[in-house]
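The values are calculated or read from the model by the stated rules, or taken from the named source; none is laboratory data. Treat the numbers as computed from the prediction; the structure is a model and nothing was measured. Glycine also receives a Cβ, built like all others from the backbone with ideal geometry; neighbour counts cover every protein chain displayed. The protein model used for the area step is the full one, side chains on, heavy atoms only, and it has no ligands, DNA or RNA in it. Shrake-Rupley method; radii C 1.70, N 1.55, O 1.52, S 1.80 Å.
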Amino acid sequence: MKLNRGRTGALALAGVVALSLTACGSDNPTGSTETSGGSDAPAASDLSGELAGAGASSQESAMEAWRAGFQSANPDVTVSYDPVGSGGGRTAFLDSSVLFAGSDAALKEEELTQAQERCFGANAVDLPVYISPIAVVFNLEGVTELNLSAATIANIFNGTITNWNDPAIAEANPDATLPDLAITPVHRSDESGTTENFTEYLSAAAEGAWADEASGDWPIEGGESGQGTSGLIQTVQGGQGTIGYADASKAGSLGKVSIGVGDEFVAPTEEAAAAALDASPRDEAREDGDIVIDIDRTLTEPGAYPLILASYLVVCQAYDTQEDVDLVKAFATYIASAEGQSASESAAGSAPISDTLRTDVQASIDAITLAS
């Protein structure tokens with residue numbers, strides 16, 4: 001195994017995708033890296049180098065704010081992030097092209113095994129640092145809000161419900177003027193953690209209407225699609241009668257669906273996403289420091305929105321240079337801090353992680369060390 005592979009790959013990618021601080025796009029960048037945890041992280045003034053990551057496009061707006069705040073406090077560090085999608089980010093991380101990945105789905109068992117070589121004999125860990133509702137978005141003239149049950153959403157995307165004035169839609173929306181117009185479902189063309197979370201929700205909550213298992217690859221052949229979050233949104237915006245799914249922060253002017261939860265319909269807000277996360281357990285089968293949330297897609301708690309993604313920062317527990325250790329620990333500490341979470345909330349409408357979860361995430365970050 002070539003121990004310098006990760007550094008070389010990271011520098012190469014950084015040369016392609018690195019953006020200057022002025023291009024980061026945060027209206028209110030935050031600068032301090034001090035948190036209640038991580039006291040052994042290097043002082044901001046001591047940090048220099050290049051830190052390359054890739055992954056979930058859902059994290060793009062948050063990552064811009066995180067980079068802006070971190071680079072403001074650490075002007076000798078260049079952080080780059082290529083929003084290639086969760087699958088592409090995990091691949092780049094596992095082949096040592098980048099030092100960290102963003103992923104809307106935790107590493108799978110086979111990926112955890114691969115990661116031991118990439119991480120110089122140590123494990124990789126998933127750190128939930130970006131919590132956001134996935135919005136079912138649509139473009140329908142004269143309609144900006146709709147109520148839909150999980151079963152109805154599943155039947156729209158599996159092709160069973162094909163027209164906007166279908167009785168199942170009309171019954172849940174008696175005050176909406178629904179046209180006699182064909183529905184055009186739009187899905188992601190790339191492997192996507194957002195797709196995996198969306199299909200997991202349909203599989204669990206649609207009462208049998210969704211026959212396929214959860215997958216990062218769209219399971220139904222044909223249909224309209226878009227590359228990445230931006231590509232899907234553009235495809236939905238470019239049509240009439242279109243419907244898709246995306247991180248709620250990217251919905252823009254598109255209509256958004258309130259989904260059926262118990263006896264009510266709940267909109268995709270950060271407060272509702274946080275309520276769903278708090279009501280969901282962790283995956284106890286994971287190794288220490290690998291924090292994966294088992295989101296309860298069928299909860300009926302009032303005000304909770306279970307169609308959420310817990311998007312992860314994927315890092316190694318060991319790197320082969322002290323510079324990489326210091327950079328990854330400092331950047332991850334800033335992301336998980338109250339300040340970093342506030343920056344993400346402002347930039348992307350994400351739900352800040354709780355103090356309890358932050359404590360556990362920080363403990364995992366603090367454990368990152370130099371490979372022996």
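Normalised by the number of residues in the range 218-372, the average gap of Cα pairs under 8 Å and 6 or more apart makes the relative contact order 19 percent. In the neighborhood of GLN59, defined by Cβ-to-Cβ distances under 9 Å, what is the net charge if each Lys or Arg adds +1 and each Asp or Glu adds -1? Around GLN59, the charge tally is -3. For the peptides 356-366, 96-106, residues were scored by their other Cβ atoms within 10 Å and the scores averaged per peptide; the highest-first order is 96-106, 356-366. Once the Cα atoms are used to define both axes, helix 60-73 deviates from the longest principal axis of the chain by about 30 degrees. Amide H contacts under 5 Å for GLY241: ASN139, LEU140, GLU141, restricted to partners 5 or more places along the chain or on a different chain, H placed in the peptide plane at 1.01 Å from N. Checking the a/c ratio against 1.5 first, then a/b against b/c, what shape does the Cα gyration tensor give for the range 262-358? Verdict is oblate for the range 262-358. Taking packing as the residue-averaged number of other Cβ atoms within 10 angstrom, the listed peptides 308-317, 271-280, 217-226, 231-240 run from highest to lowest as 308-317, 271-280, 231-240, 217-226. A Gaussian network model of the chain, with springs between Cα atoms under 10 Å, assigns the largest mean-square fluctuation among LEU181, LEU94, LEU140 to LEU181.
The residues of the chain have, on average, 40 Å² of accessible surface per residue, using a 1.4 Å probe with all protein chains present.
Among the protein heavy atoms of the range 250-347, carbon and sulfur supply 43% of the accessible surface, probe 1.4 Å, non-protein parts ignored. Helix 5-17 axis versus longest C-alpha principal axis of the chain: approximately 60°, rounded to the nearest ten. In the chain, the longest principal axis of the Cα atoms and the axis of helix 355-366 are about 40 degrees apart.
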